[in-house]
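Read through the structure below, which is laid out as structure tokens, and then see the notes.
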Amino acid sequence: MVKKFKISISISLFVLSFNAVFSQDITYGTSVEKIHVRDCFSKEFILPFSNAITVIYFFNNKNPNQVNNLLELEYLYNNLNIEKSSIGIVAISSSNNSNLQSIYRKYKLEFFLVNDEYKLAKRFQASCESCLRVIIVDKHSKIRYLSSQFDGTFLRDIIQRYSAERL
Amino acid sequence: MIKKHGVFILSLLFIVVRGSSQTNLIDQKNGLFQLTPEKHARLLKIHEFQIDPKSAILSKPVKVIKHQDKIYILDLKQCKIFIFNLDGGFLSTIGQPGQGPGDLEYPIDFVIRSNEIYVINSAAKRVEVFFLNGNFKERIQLHVPQEYVFSNISHILVGNNSKIYVSYNLRACPKVT
């Protein structure tokens, strides 16, 4: 009986220590590991982008307000005072590729639209359900901004600030 | 008969209410609405200065403090404190938009106490402390009860004992049914 108790305690301790070491809270300054991703047109790219600022937007494609933010992201993408090569925008939602393709065409987007088959939302401790999530990763693959609010002006300021940083 | 009396009382009430509101409007002095003038602060001196738009443009100034021979203006939109001399000459800024130490995110209020500047990061529920020269000193995380996680801080005061007092616009978590 005592032996069983000891074994169960040691197992739970091992699990807890494993979690403490390997599970990382996504917060300011967290490093993001690179991952190969395909967009809704099966175009492959690496997230986060190398030598560029990466803006990741998790949204619910059934929420019109969150979908409309794509237009603001598109405006931002085309109106920043920085080279387009130094910024990459990825919008992620849980849907099927054909639905995302229709959104892409409807809004005439120029950035990546990804179906969350890679469980990116879980990886970034975000969700594509009720709450939106905006994450900005700098050129050194470190998270510099996380928010559940979408503020285009603030996003512009953050992007311009970190794009001015040298590698 | 009762109906007539009712109408008369109602119309009397209407006249009284209208009359009192008109009196209040007449009491406005120098553009200030003063319902109880004795309970209001009085402006003794107004110092006017012009900011050169070539040196600094403010987009949403929310608070102004004159400290020693400088004027500090907090800009909510630009997430910066602009510093001017008394003639309106731009000197420097403190803070920048972001979430790192010393960065500002929706700064709504600030105070200057013991040559230190305390700025509220309203959304992040943090207080960033700077020296007067603009160097970052420390970050103080405020703990809000879980049921008021959607509440935002609106004002800050720092006591003589360096204790920080903040006020919240209390907003409870919306209940999903």
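Among strands (runs of 3 or more DSSP E) lying entirely in segment A:28-80, which contain 2 or more residues that are in contact with a helix residue (DSSP H, G or I) (Cβ under 8 Å, 6 or more places away or on another chain) and over 16 Å from A:Q160 (Cα atoms)?
By residue number, A:35-38, A:53-58.
Please go through (1) surrounded by 15 or more Cβ atoms within 10 Å (Cβ to Cβ); (2) out of contact with any helix residue (DSSP H, G or I) (no Cβ under 8 Å at 6 or more places or on another chain); (3) under 30 Å from B:P101 (Cβ atoms); (4) of a type in the set (D, E, K, R) for A:K139 and return the number of the only condition it doesn't satisfy.
(2)
Working only within segment B:78-91, note down all residues that are on the phi > 0 side of the Ramachandran plot and away from chain A (no Cβ under 14 Å).
Selection gives B:G88 alone.
When the residues of segment B:121-177 are filtered to those that are of a type in the set (G, A, S) and either in contact with a Leu (Cβ under 8 Å, 6 or more places away or on another chain) or on the phi < 0 side of the Ramachandran plot (or both), which remaining residue is modelled with the lowest pLDDT?
B:A172
Which strands (runs of 3 or more DSSP E) does segment A:82-154 wholly contain that include 1 or more residues that are within 14 Å of chain B (Cβ to nearest Cβ) and closer than 20 Å to A:E33 by Cβ?
Once the strands (runs of 3 or more DSSP E) in segment A:82-154 are filtered for at least 1 residues that are within 14 Å of chain B (Cβ to nearest Cβ) and closer than 20 Å to A:E33 by Cβ, what remains is A:133-137, A:143-147.
Here are some residues: B:D103, B:D75, B:D69. Which one is over 19 Å from the mean Cα position of the chain (by Cα) and within 12 Å of chain A (Cβ to nearest Cβ)?
That would be B:D103, the only listed residue that is over 19 Å from the mean Cα position of the chain (by Cα) and within 12 Å of chain A (Cβ to nearest Cβ).
Looking for whichever is assigned to a strand (DSSP E or B), away from chain A (no Cβ under 14 Å) and farther than 17 Å from B:V62 by Cβ here; the options are B:V129, B:V119, B:V111. Which one fits?
After ruling out the rest, the residue left standing is B:V129.
The values are calculated or read from the model by the stated rules, or taken from the named source; none is laboratory data. Worth saying up front: this structure is predicted, and the values here are computed from it rather than measured. Neighbour counts are summed over all protein chains in view; Cβ atoms, including those assigned to glycine, are modelled from backbone coordinates with ideal geometry.
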